[in-house]
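Below: the structure, in structure tokens.
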Amino acid sequence: MADKSTIGNYFEDFTTGLEIEHSVPRTVTEGDQSLYIALTADRYPLHCDAEFARSLGFQRETVNDLLVFHTVFGKSVPDISLNAVANLGYADVRFGVPVYVGDTISAHSTILGRRESSSGGTGVVWVHTTGRNQRGDEVLSFIRWVLVNRREPDVATGVDDAPQTPANVAPEALVVPSQLDLTNFNATITGGRAWWDDYEPGERIHHIEGVAIEEAEHQMAARLYQNTARAHFNAHALKGTRFGRRVIYGGHVISVARALSFNGLENVVRILAFNAGTHSNPTFAGDTLFAWTDVIEKIDLGRPDAGALRLRLVGVKNADPATEEQSFRVTGDNGRERYHENVVLDLDYTVLIPKAR
Amino acid sequence: MADKSTIGNYFEDFTTGLEIEHSVPRTVTEGDQSLYIALTADRYPLHCDAEFARSLGFQRETVNDLLVFHTVFGKSVPDISLNAVANLGYADVRFGVPVYVGDTISAHSTILGRRESSSGGTGVVWVHTTGRNQRGDEVLSFIRWVLVNRREPDVATGVDDAPQTPANVAPEALVVPSQLDLTNFNATITGGRAWWDDYEPGERIHHIEGVAIEEAEHQMAARLYQNTARAHFNAHALKGTRFGRRVIYGGHVISVARALSFNGLENVVRILAFNAGTHSNPTFAGDTLFAWTDVIEKIDLGRPDAGALRLRLVGVKNADPATEEQSFRVTGDNGRERYHENVVLDLDYTVLIPKAR
Amino acid sequence: MADKSTIGNYFEDFTTGLEIEHSVPRTVTEGDQSLYIALTADRYPLHCDAEFARSLGFQRETVNDLLVFHTVFGKSVPDISLNAVANLGYADVRFGVPVYVGDTISAHSTILGRRESSSGGTGVVWVHTTGRNQRGDEVLSFIRWVLVNRREPDVATGVDDAPQTPANVAPEALVVPSQLDLTNFNATITGGRAWWDDYEPGERIHHIEGVAIEEAEHQMAARLYQNTARAHFNAHALKGTRFGRRVIYGGHVISVARALSFNGLENVVRILAFNAGTHSNPTFAGDTLFAWTDVIEKIDLGRPDAGALRLRLVGVKNADPATEEQSFRVTGDNGRERYHENVVLDLDYTVLIPKAR
């Protein structure tokens, strides 16, 4: 019988339309919630204050939206991106029904399309992944595209059926939890002073604090999500690679930046969507992360109690953009614009926030 | 609208009598309990053995007294000490009703008084903070005083209404949990051989073991308590400061020293009070912590089953006081006495311990 | 009264037949389960997927067999191996009834025999340790032998009553959980493609991935198990010793290697036994761990639904045996065979795995 271990899929293995049921569903526990807080510094009270959660109509604290994201993403790694060269982007990321401790999350993917790269023996694969709870309710769905190696780098496949991805999640696709009741929303609990009405497009919020990340922390985070991607763990193999060291799971960078964003977005109730996301530069252990938010758009959901904000969350390493000059994009020697090397995250996402009463 | 993020309060913001309801109450979970053990090495069985806890009249394991302390303390940081120069001391720290997994802890503070420092653009603020569970029962109250920056360092305020703080928590204020029943206390579970009767004032107990602390550990601890103080996390900003690096949250030092103290104080049931506490020197990642206990006083609570011990818990870094010469206080070049530079903690506290049967 | 702290037992203290009830039983929580995953990368679904566990007849996820092992082992450390020179080997390790979150594990040991070493002021002690839940059911029993210091190194004791230890756990002693029902075993959940029938003695499975270990991680693991052995924590005291630094708890190495083994052994349901185990070289922070499995023997348990596999799990540091030449044993300058210096674990163990349907 052939070798029983699996080494992940190559570009040639991803045929458009292929369906993959990912293995090892995961029951979320109180331990995951605590580790998420200890690893990211998250303080959004819906996820750590059972009384506040109940006051909004939920059974108890809900699982952090990003913990759900990382769990579903992690499930997909052994099949999709175990040996990925890079995780290139996200689109149409929709957060569904709330997840509670005790729920079991499973993940399923469909290959949407592929494009062979012109060089490097690689190709890009577009994948639609869905996470569901044990009742089959959708808790998350997203598209990501990822640069993967070809099994036979020298044999051109000519494959090019890359899909169109939406520029943003349509407002009508945003899921406001049906049980949400904002009648008793108490801003003393959140510490927030600003409502949907108070944010204006063009406004920038510096989140002030900075947090260093250690090897043990990002490894524990990725392992918690059972994300097995080599780039985060295999220090021995990485010695000979471009960076020569472990790269922090991009999702951990999102979580840390999002946790920093609490200072200035305290009343946000949940993440509704990612419209687009880019890990613009790698983050390494020892880096200190900072974040700012640009308000892009106010979306009126047609309800009196809450609206949506489309935000750009920018993560910056080793420079405090609140006090130091920090470019977002720069022009390289080749005349092309690129992200400044300190900018590690550019996340266009949409959140739910109460309106002023 | 003004910048939506907050940068913490300055000396001028703390008016005597000011009441602050701290944001983000926290529901304690099983995950917090496990992380507390994994980060501190705590072994007191009331907090990790449900059967032992039930044998003493409790519903199940109670939350470690110090985890309650750190949680309440952490809640107060964004309002009180986000940019504190130093946490100077504690007084009148009283532990109240036991906390269980599932309880939600909120925190409230009152400004007791202030004193402008003669130099440095700073001032000292005295704060009384109370933590309560979701039923409003007091789980903790304490006074701390903290050195904070002035918003306008050059404008003297002349403020000087520093309060008197008690030298110790009065015996009648010590809270013995009402449900405690020591009839079935089983010292085989604790491994303890000594009772209230066996300890004598003047006695010193060396706790033998030493534990190194890593950056990831103290950051995870402080984040678990949602303590956002810059000094523990922002490696980038700290490069230009006096120590040039992250300082370990003093509360983590208390927890590690207290966990070490199990070896020699195994039968202690709970912490009743801190009478006074000083973080006498900073602790940094890589330091190995040791601890000894001096028995200060035996307090008879007027009950046949248990008494209180007033103890001095001394934390020492990078020297094993059980085997190496280690001064507690030394005389500096200026002729004034100060703590030896290895001494990082001087905690005068009171515990409950059964009497011999 | 004598010093109240304990410094552990010496060779002379271990009389054959001595019974020791270890202190501080431990209630396993959801937090322990999450930390175990975050620290080891374990993915075996019986321990992280409640739905899968229920489909096999269990109440919910069971506690990882190795987490049970470490917990029982940790309880024994203060009495058996606080100051051990080395943990030499394991035999007759039997896993009993499944453990669930909420169960309280206590540990008891019996001294089986001793042999004074010819030099070095040490001796070997054989210990039989049993772990039980709060109902008294056996969850684990094992023999280990450990090299300990003599209290009086210069006074020969002449003690030599070393016991015989079995070469392997007898098939009839293997405990298949009574509630196990494999009728609905779903390999889509595990991702496994191979059954008991598919493995052949002599077959080698490379587990492909490698994982670096950090100081914070192994310390958190050992503390989670309340294992207080000095070698894992006391960086200050270890400076002057042979390795000059902290050594990773061997049990953590077993856990990491076992977690790696999921890739190729996905359908394994539980560990039934360790037949023999050796920590052949120390592992230090910064090392990257790899693992392979050799199939030693197929054991037919006389049931149609599942059989046992006897496996050799080999842990290797800082070399990827799937892609690099890696010796298992080498001949030293003295002509004697020993483990290659990269080989850190040689574990002969037995697992339960479904038969093909």
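The values are calculated or read from the model by the stated rules, or taken from the named source; none is laboratory data. Being a predicted model, the structure only gives us computed values, none of them experimental. Here Cβ is always computed from backbone atoms with ideal geometry, including for glycine, and neighbour counts include all displayed protein chains. Protein only, heavy atoms only, side chains kept; ligands, DNA and RNA dropped before computing areas. Shrake-Rupley method; radii C 1.70, N 1.55, O 1.52, S 1.80 Å.
Taking each residue of segment B:185-202 that is touching a residue at least 12 places away in the same chain (Cβ under 8 Å) and of a type in the set (Phe, Trp, Tyr) and looking for partners that are part of a loop (DSSP other than H, G, I, E, B) and open to solvent by 30 Å² or more (accessible area, probe 1.4 Å) with beta-carbon atoms closer than 8 Å, six or more apart or interchain, yields B:TRP195/B:ALA356; B:TRP196/B:ALA356.
Listed here are the residues, each with its yes/no results for (1) touching a residue at least 24 places away in the same chain (Cβ under 8 Å); (2) over 28 Å from A:SER34 (Cα atoms).
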site	(1), (2)
A:GLY244	no, yes
A:VAL247	yes, no
A:ARG270	yes, no
A:ALA285	yes, no
A:PHE290	yes, no
A:GLU297	yes, yes
A:ASP300	no, yes
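Among the residues of segment A:80-102, the ones that are more than 13 Å from chain C (Cβ to nearest Cβ), open to solvent by 30 Å² or more (accessible area, probe 1.4 Å) and more than 17 Å from A:ASP137 (Cβ to Cβ) come to 5 in all.
Restricting attention to segment C:6-24, does a residue exist that is among the hydroxyl-bearing types (Ser, Thr, Tyr), buried (at least 22 other Cβ atoms within 10 Å of the Cβ) and within 14 Å of chain B (Cβ to nearest Cβ)? Yes, segment C:6-24 contains at least one residue that is among the hydroxyl-bearing types (Ser, Thr, Tyr), buried (at least 22 other Cβ atoms within 10 Å of the Cβ) and within 14 Å of chain B (Cβ to nearest Cβ).
Of all residues in segment C:167-223, those that are in contact with a strand residue (DSSP E or B) (Cβ under 6 Å, 6 or more places away or on another chain) and farther than 29 Å from C:LEU56 by Cα total 3. Within segment A:315-340, the only residue that satisfies the criterion of being hydrophobic (A, V, I, L, M, F, W, C) and in contact (Cβ under 8 Å) with a residue 40 or more places away in the chain is A:ALA322.
Considering only residues of segment C:224-238 that are touching a Phe, Trp or Tyr at 6+ places or on another chain (Cβ under 8 Å) and facing another protein chain (nearest Cβ under 7 Å), which is most open to solvent (accessible area, probe 1.4 Å)? The extreme case among them is C:HIS236.
Select from segment C:112-132 the residues that are under 19 Å from B:THR188 (Cα atoms) and crowded, with 20+ Cβ neighbours inside 10 Å and list them in ascending order. Across segment C:112-132, the qualifying residues are C:THR129, C:GLY131, C:ARG132.
Going by what's in this entry, would B:LEU289 be described as within 13 Å of another protein chain (Cβ to nearest Cβ), hydrophobic (A, V, I, L, M, F, W, C), over 20 Å from B:HIS70 (Cα atoms) and surrounded by 21 or more Cβ atoms within 10 Å (Cβ to Cβ)? No.
Of the listed requirements (1) open to solvent by 20 Å² or more (accessible area, probe 1.4 Å); (2) more than 14 Å from chain C (Cβ to nearest Cβ); (3) in contact with a Ser or Thr (Cβ under 9 Å, 6 or more places away or on another chain), B:LYS317 misses just one: (2). Can you find even one residue in segment C:118-126 that is touching a residue at least 60 places away in the same chain (Cβ under 8 Å) and under 16 Å from C:LEU18 (Cβ atoms)? Yes, there is a match, as at least one residue in segment C:118-126 is touching a residue at least 60 places away in the same chain (Cβ under 8 Å) and under 16 Å from C:LEU18 (Cβ atoms).
Okay, residues lined up against (1) of a type in the set (Phe, Trp, Tyr); (2) open to solvent by less than 20 Å² (accessible area, probe 1.4 Å); (3) away from every other protein chain (no Cβ under 13 Å):
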{"site": "C:GLY192", "(1), (2), (3)": "no, yes, no"}
{"site": "C:TRP196", "(1), (2), (3)": "yes, no, no"}
{"site": "C:TYR199", "(1), (2), (3)": "yes, yes, no"}
{"site": "C:ARG204", "(1), (2), (3)": "no, no, no"}
{"site": "C:ARG245", "(1), (2), (3)": "no, no, no"}
{"site": "C:ARG258", "(1), (2), (3)": "no, yes, yes"}
{"site": "C:PHE262", "(1), (2), (3)": "yes, yes, no"}
{"site": "C:ASN275", "(1), (2), (3)": "no, yes, yes"}
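With respect to the conditions (1) modelled with pLDDT under 95; (2) among the charged types (D, E, K, R); (3) in contact with a helix residue (DSSP H, G or I) (Cβ under 6 Å, 6 or more places away or on another chain), B:GLU325 falls short on a single one, namely (3). Does A:GLN33 fit the bill of being within 10 Å of chain B (Cβ to nearest Cβ) and within 17 Å of A:ASP103 (Cβ to Cβ)? So A:GLN33 passes the test. Among the criteria (1) in contact with a Gly (Cβ under 7 Å, 6 or more places away or on another chain); (2) open to solvent by 10 Å² or more (accessible area, probe 1.4 Å), the one A:ILE105 does not fulfil is (2).
Matching residues to (1) more than 29 Å from A:THR293 (Cβ to Cβ); (2) hydrophobic (A, V, I, L, M, F, W, C):
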position: B:THR27; (1), (2): no, no
position: B:ILE37; (1), (2): yes, yes
position: B:GLU61; (1), (2): yes, no
position: B:THR71; (1), (2): no, no
position: B:ALA91; (1), (2): yes, yes
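Being free of Cβ contacts under 8 Å to residues at least 40 places away in the same chain, at the interface with another protein chain (Cβ under 9 Å from one of its Cβ atoms) and of a type in the set (S, T, N, Q) is a condition met by at least one residue of segment C:209-222. Please count how many residues of segment B:52-79 are within 14 Å of chain C (Cβ to nearest Cβ) and either out of contact with any strand residue (DSSP E or B) (no Cβ under 7 Å at 6 or more places or on another chain) or closer than 14 Å to B:PHE142 by Cα (or both). Number of matching residues: 12. The set of residues in segment A:37-49 that are of a type outside the set (S, T, N, Q) and within 9 Å of chain B (Cβ to nearest Cβ) comprises A:ILE37, A:ALA38, A:LEU39, A:ALA41, A:ASP42, A:ARG43, A:TYR44, A:PRO45, A:CYS48, A:ASP49.
When A:ASP333, A:ASP300, A:ASP320, A:ASP287 are checked against the criterion of being among the acidic types (Asp, Glu) and modelled with pLDDT under 95, A:ASP333 stands alone in meeting it.
Checked against the criterion of being open to solvent by 40 Å² or more (accessible area, probe 1.4 Å), at pLDDT below 95 and either away from chain B (no Cβ under 12 Å) or in contact with a His (Cβ under 9 Å, 6 or more places away or on another chain) (or both), the candidates A:THR165, A:THR241 yield just one match: A:THR241. Per the listing B:ASP333, B:ASP320, B:ASP294, B:ASP346, the residue uniquely touching a strand residue (DSSP E or B) at 6+ places or on another chain (Cβ under 7 Å) and outside any strand (DSSP E or B) is B:ASP320. The condition of being closer than 27 Å to A:ARG357 by Cβ and more than 8 Å from every other protein chain (Cβ to nearest Cβ) holds for only one of A:ASN149, A:ASN186, that being A:ASN186. Residues of segment B:103-136 that are of a type in the set (Asp, Glu) and more than 14 Å from chain A (Cβ to nearest Cβ): B:GLU116 alone. Does C:PHE284 meet the test of being open to solvent by less than 10 Å² (accessible area, probe 1.4 Å) and either in contact with a Lys or Arg (Cβ under 7 Å, 6 or more places away or on another chain) or of a type in the set (A, V, I, L, M, F, W, C) (or both)? Taking the combined requirement at face value, the residue does not satisfy it. Of the residues making up segment A:92-116, those that are over 19 Å from C:ALA50 (Cα atoms) and out of contact with any Lys or Arg (no Cβ under 8 Å at 6 or more places or on another chain) are A:ASP92, A:VAL93, A:ARG94, A:GLY96, A:VAL97, A:SER109, A:THR110, A:ILE111, A:LEU112, A:GLY113, A:ARG114, A:ARG115.
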